[in-house]
1. Going residue by residue through segment 14-29, is there one that turns out to be open to solvent by less than 90 Å² (accessible area, probe 1.4 Å) and within 29 Å of residue 161 (Cα to Cα)?
2. Answer yes or no: is there a residue in segment 81-93 that is closer than 28 Å to residue 173 by Cβ, in contact with a Phe, Trp or Tyr (Cβ under 6 Å, 6 or more places away or on another chain) and open to solvent by less than 70 Å² (accessible area, probe 1.4 Å).
3. Have a look at 142, 159, 130, 153 and point out the one that is among the small types (Gly, Ala, Ser) and buried (at least 18 other Cβ atoms within 10 Å of the Cβ).
4. Would you mention how many residues in segment 147-167 are within 13 Å of residue 126 (Cα to Cα), assigned to a loop (DSSP other than H, G, I, E, B), in contact (Cβ under 8 Å) with a residue 12 or more places away in the chain and in contact with an Asp or Glu (Cβ under 9 Å, 6 or more places away or on another chain)?
5. The conditions are (1) surrounded by 12 or more Cβ atoms within 10 Å (Cβ to Cβ); (2) of a type in the set (Ser, Thr, Tyr); (3) farther than 30 Å from residue 169 by Cβ; (4) at pLDDT 75 or above, and residue 73 fails exactly one of them. Which is it?
6. Test of understanding: among 108, 64, 49, 32, which residue is in contact with an Asp or Glu (Cβ under 9 Å, 6 or more places away or on another chain), in contact (Cβ under 8 Å) with a residue 12 or more places away in the chain and open to solvent by 90 Å² or more (accessible area, probe 1.4 Å)?
7. Tell me, please, whether a residue that is out of contact with any strand residue (DSSP E or B) (no Cβ under 9 Å at 6 or more places or on another chain) and either modelled with pLDDT of 95 or more or not in a loop (DSSP other than H, G, I, E, B) (or both) can be found in segment 168-179.
Amino acid sequence: AVIDECGVCDDDPSNDCIQDCYGDWGGTAEVDSCDVCSGGNSDHEADSDQDCSGECFGDAYEDDCGVCDDDPYNDGPEEGFDCDGTPLQFVYNHSSMQAFYYILETNDLLGNPLTAEDWIATFNGDICTGSLKWDTSQCNSGICDVPAMGDDGFEYSVGYLNTGDIPSFKIYDFSEGEYFDAYPL
C-alpha cells in the first residue's frame, strides 16, 4: 500500500489520484467547450469564457431587464416604462379578485382613435388597478377587456377596488408621451 497524491493509502492503482486541468490533485475542473480549464472544486477564480448567449469569449451580458446582449445603451427599461414596456403609472399587480371592462372604442381628447402603441388603465383614486396596451388586433374581435384588480386582502393589493367601487380610467398617449383622464360615454 502507498499514499497517493490525494493522501489515500491503499494498494489499488486504479483509484490513484489524478490531477485536473488546473493541476490540482483530485480536482474536478475540466477543459470546457471553449478550450478553457474551468469549474472544479478548487480555489481558482471561476472562468467566464462563455457569455450569456453561449458564445466563447463573447461580450454579451444579462442586463437589468434580463436581456442578453452586448449593447450598454439598452441595459434597463426605457425612460418612463418598466422592463415589460408598460408606462410606469400603469404598472399594477395581479390579484385573485378581478373584473374586466369591455371597451369597444376609445378616442383621445381630440376625438382621434387610440393607436396600438397607446394604453388604457383603470384606477382606484391614484392607484392603478389594471392596464392594457390598446392593440385591438390582440383583443377578441376588436373588443378589448381592461382589467380592474380588486383588494384580495394581501399587501400587494392594498388600495385596489372593493365590491361596489367604480374605477376611473386613464389613457397613455404614446405619441405625445402624456397621461390623461378618460371618461366613458
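The values are calculated or read from the model by the stated rules, or taken from the named source; none is laboratory data. Here the structure is a predicted model, which means the values were calculated and not measured. Here the Cβ is made from the backbone with ideal geometry for all residues, glycine too, and neighbour counts use every protein chain on show. The accessibility values were calculated without ligands, DNA or RNA, using every heavy atom of the protein model including side chains. Shrake-Rupley method; radii C 1.70, N 1.55, O 1.52, S 1.80 Å.
1. No, segment 14-29 contains no residue that is open to solvent by less than 90 Å² (accessible area, probe 1.4 Å) and within 29 Å of residue 161 (Cα to Cα).
2. yes
3. None of the others qualify; the one that does is 130.
4. 2
5. Result: residue 73 fails condition (1) only.
6. 64
7. The answer is no; no qualifying residue exists.
Let's see how each residue does on (1) within 16 Å of the chain's Cα centre (by Cα); (2) closer than 22 Å to residue 151 by Cβ:
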site	(1), (2)
69	yes, no
73	no, no
116	no, no
122	no, yes
